[in-house]
Amino acid sequence: MQTSPSEVSRAATAAKPYPGAELWLLAGSQEMYGPQTLANVESQWREVAAALDESEAVPVRVVARQVVTSPEGILRVCQEANAASECVGLIVWMHTFSPARMWIAGLSALRKPLLHLHTQFNEQLPWAQIDMDFMNLNQSAHGDREFAYIATRMRLRRKTVVGHWRDPRTLQRIGTWSRAAVGWHEATQLRVARFGDNMRSVAVTEGDKVEAQLRLGVTVDGYGIGDLTDAIAQASEDAVEQIVGQYDSDYEVVPELAPGGARRGSLIDAARIEAGLRLFLTRGGYSAFTDTFEDLHGLPQLPGIAVQRLMAEGYGFGAEGDWKTAALLRVMKLMARGLPGGTSFMEDYTYDLTRGNERVLGSHMLEVCPSIAAHRPSCEIHPLSIGGREDPVRLVFNAVSGPAVLLSMLDLGDRFRLVANEVELLPITEQLPRLPVARAVWRPQPDFFTATEAWLTAGGPHHSVLSTALDLEAVTDLAQIAGIELFAITAGSSLPQLLNELRWNDGPQTTPCR
Ligand code: MN
């Protein structure tokens with residue numbers, strides 16, 4: 001009962017944001033029911049898989065992989081999922097009753113993300129016709145409880161989604177989880193290049209890179225800034241010219257940087273840095289990077305517009321050597337692919353503490369991603385008071401308004417912790433004529449005081465990822481798959497409960513089986 005690759009429809013592939021990624025749908029059953037019931041299970045399971053596959057809410061292919069009826073079959077398909085690079089996760093559904101000790105060997109071996117879909121084929125009960133054949137075929141209400149018990153007994157991390165398979169809410173939640181599964185798949189092969197080390201003496205941007213590779217799969221490689229300046233020197237004049245042309249066409253370039261402007265040379269320097277960065281990252285297979293203003297030897301200016309544009313294309317970035325945020329940004333960029341909204345490196349910078357209207361002004365020295373811009377960015381040049389180099393070119397803009405999520409990662413010494421906060425981005429109505437950087441203004445949920453006191457008590461960093469494309473459920477799914485503590489400050493949070501959570505989370509940890 002296994003689908004061969006030739007049977008799999010490729011029609012929907014082009015429309016999916018992740019055309020190379022698959023989820024495998026398994027239906028659990030057992031041989032006891034006989035061939036007729038199993039044939040019915042199979043045809044209904046194929047219909048469910050096709051509906052998930054065709055849903056626009058589910059951004060990956062969904063493959064009807066197997067109806068499993070034996071411990072050997074379950075183990076085999078879990079091992080196949082582990083080995084299949086295109087398989088980003090398993091969805092399991094006990095259409096009938098599947099005695100769960102049959103699942104122990106397979107689930108012990110499984111190393112891919114797991115979603116337990118608790119659904120049933122029919123939406124309504126056919127009250128007048130219902131008989132024991134119907135009851136035999138449609139028993140996920142107790143079959144899935146048997147599965148859930150063994151998964152919990154094994155301390156398996158998983159997402160459980162309850163709902164009819166045609167319900168848009170069900171499809172949406174599967175879609176959100178599949179984005180997290182793709183993000184996890186990316187993390188396990190993610191390579192981060194660091195130009196220079198951390199900003200000297202800074203604590204929170206440090207962390208255990210070996211542990212990050214063990215836990216997340218993320219590889220972090222350090223390079224001297226000379227390796228980058230070599231790549232910049234090798235960048236072709238054609239590449240530099242092409243980038244300058246994009247600056248001129250895509251942004252409001254201030255007159256001093258425009259063709260014939262007094263500081264046109266600085267714009268060309270910025271484009272050369274961008275060309276060199278692209279060359280270096282492409283050659284090395286890096287999809288995230290860090291730099292630091294304390295190590296710019298041989299660079300004419302701190303990379304500003306180059307970093308902003310690379311982020312907009314999907315690269316991860318962390319300033320001051322912050323490789324954890326760089327990796328997180330790359331993963332979240334990938335998770336958000338195809339969704340409306342943007343995702344950026346961010347820093348809590350300064351506050352407006354007007355009573356009753358407390359707000360955060362988020363920004364960075366240069367590096368905010370234009371994917372969150374509310375308008376066409378302006379390309380400007382201004383002095384930077386740190387770093388001791390020439391003035392850097394940067395994109396200046398206001399961020400959009402609306403709901404967003406902040407996510408940040410810290411190293412507690414014995415484990416990583418993710419800290420999330422739901423925030424409301426506010427329209428920026430004030431003029432900021434003397435602030436030459438991109439910025440966002442938000443009100444944290446549930447309120448400024450609760451959120452900020454909880455964030456500080458959790459040890460939450462000043463660097464974070466801000467996303468208007470992803471929501472709290474998406475980052476919760478990512479944390480669950482990764483097996484990393486998530487401390488979430490939400491619209492429904494209260495401070496006593498948040499402080500309790502931090503205390504509980506510091507208690508003895510159960511050891512998950514994977
Ligand atoms: Mn910073």
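Restricted to the stretch 338-410, the set of strands (runs of 3 or more DSSP E) holding at least 2 residues that are over 30 Å from Arg264 (Cα atoms) comprises 343-352, 359-363. Every test in (1) in a loop (DSSP other than H, G, I, E, B); (2) surrounded by 16 or more Cβ atoms within 10 Å (Cβ to Cβ); (3) not charged (D, E, K, R) is passed by Ala128 save one, and that test is (2). Scanning the stretch 240-259 for residues that are surrounded by fewer than 17 Cβ atoms within 10 Å (Cβ to Cβ) and of a type outside the set (Ser, Thr, Tyr) turns up Glu241, Gln242, Gly245, Gln246, Asp248, Asp250, Glu252, Pro255, Glu256, Ala258, Pro259. In the stretch 418-436, the residues that are assigned by TED's automatic domain parsing to the domain that holds Ala451 form Cβ pairs under 8 Å with partners that are of a type in the set (Asp, Glu) and assigned to a strand (DSSP E or B), at six or more places apart or across chains, as follows: Leu418/Glu485; Pro436/Glu380.
Identify, please: which residue in the stretch 455-480 is crowded, with 22+ Cβ neighbours inside 10 Å and more than 14 Å from Leu328 (Cβ to Cβ) and is, among those, farthest from the ligand (Cβ to nearest atom)? Checked the stretch 455-480; the qualifying residue farthest from the ligand (Cβ to nearest atom) is Asp477.
Could you tell me whether any residue of the stretch 231-246 is touching a strand residue (DSSP E or B) at 6+ places or on another chain (Cβ under 7 Å) and either modelled with pLDDT of 95 or more or assigned to a helix (DSSP H, G or I) (or both)?
Start the filter on the stretch 231-246 by keeping residues that are touching a strand residue (DSSP E or B) at 6+ places or on another chain (Cβ under 7 Å), which leaves none.
For the stretch 231-246, residues touching a strand residue (DSSP E or B) at 6+ places or on another chain (Cβ under 7 Å) and either modelled with pLDDT of 95 or more or assigned to a helix (DSSP H, G or I) (or both): absent.
None of Gln120, Gln189, Gln172 is under 27 Å from Arg61 (Cα atoms), over 29 Å from the mean Cα position of the chain (by Cα) and in contact (Cβ under 8 Å) with a residue 24 or more places away in the chain except Gln120.
Being within 13 Å of the ligand (Cβ to nearest atom), touching a residue at least 12 places away in the same chain (Cβ under 8 Å) and either under 26 Å from Asp197 (Cα atoms) or buried (at least 18 other Cβ atoms within 10 Å of the Cβ) (or both), is that true of even one residue in the stretch 301-311? Show your work before the answer.
Looking only at the stretch 301-311, we keep the residues that are within 13 Å of the ligand (Cβ to nearest atom), and these are 302, 307.
From what is left, the residues that are touching a residue at least 12 places away in the same chain (Cβ under 8 Å) are 302, 307.
From the residues that got through so far, the ones that are either under 26 Å from Asp197 (Cα atoms) or buried (at least 18 other Cβ atoms within 10 Å of the Cβ) (or both) too are 302, 307.
Yes, there is a match, as at least one residue in the stretch 301-311 is within 13 Å of the ligand (Cβ to nearest atom), touching a residue at least 12 places away in the same chain (Cβ under 8 Å) and either under 26 Å from Asp197 (Cα atoms) or buried (at least 18 other Cβ atoms within 10 Å of the Cβ) (or both).
Is at least one residue of the stretch 195-203 closer than 20 Å to Arg283 by Cα, within 16 Å of the ligand (Cβ to nearest atom) and touching an Asp or Glu at 6+ places or on another chain (Cβ under 6 Å)? Yes, there is a match, as at least one residue in the stretch 195-203 is closer than 20 Å to Arg283 by Cα, within 16 Å of the ligand (Cβ to nearest atom) and touching an Asp or Glu at 6+ places or on another chain (Cβ under 6 Å).
Scanning the stretch 63-82 turns up no residue that is touching a residue at least 24 places away in the same chain (Cβ under 8 Å), in contact with a Pro (Cβ under 8 Å, 6 or more places away or on another chain) and over 18 Å from Ser140 (Cβ atoms). For the stretch 353-377, a residue qualifies if it is touching a residue at least 24 places away in the same chain (Cβ under 8 Å) and either among the small types (Gly, Ala, Ser) or away from the ligand (no atom under 16 Å from the Cβ) (or both), and the qualifying residues are Glu358, Arg359, Gly362, Ser363, Pro370, Ser371, Ile372, Ala373, Ala374, Arg376, Pro377. Every test in (1) touching a Cys at 6+ places or on another chain (Cβ under 8 Å); (2) farther than 24 Å from Gln445 by Cα; (3) within 16 Å of the ligand (Cβ to nearest atom) is passed by Ala319 save one, and that test is (1).
For the stretch 411-442, how many residues are in contact with a helix residue (DSSP H, G or I) (Cβ under 9 Å, 6 or more places away or on another chain) and not in a loop (DSSP other than H, G, I, E, B)? I'd like the intermediate steps shown before the answer.
First pass over the stretch 411-442, keeping only residues in contact with a helix residue (DSSP H, G or I) (Cβ under 9 Å, 6 or more places away or on another chain): 411, 415-423, 425, 438, 440.
Now restrict to residues that are not in a loop (DSSP other than H, G, I, E, B): 411, 416-423, 425, 440.
The total comes to 11.
Checked against the criterion of being at pLDDT 95 or above, in the same structural domain as Leu214 (by TED's automatic domain parsing) and within 16 Å of the ligand (Cβ to nearest atom), the stretch 442-454 contains not a single residue that satisfies it.
Each residue in the stretch 366-396 was checked for being crowded, with 16+ Cβ neighbours inside 10 Å and at positive phi, and 1 pass. Listed by position, the helices (runs of 4 or more DSSP H) enclosed by the stretch 14-114 that each have at least 1 residues that are touching a Cys at 6+ places or on another chain (Cβ under 7 Å) are 71-83, 104-109. Note on the stretch 210-230: residues that are under 19 Å from the mean Cα position of the chain (by Cα) and in a helix (DSSP H, G or I) amount to 5.
The selection criterion, being surrounded by fewer than 22 Cβ atoms within 10 Å (Cβ to Cβ) and either part of a helix (DSSP H, G or I) or not assigned by TED's automatic domain parsing to the domain that holds Ile225 (or both), does not hold for His185.
The values are calculated or read from the model by the stated rules, or taken from the named source; none is laboratory data. Note that the coordinates shown come from a computational prediction; the quantities given were computed from them, not determined experimentally. Neighbour counts are summed over all protein chains in view; Cβ atoms, including those assigned to glycine, are modelled from backbone coordinates with ideal geometry.
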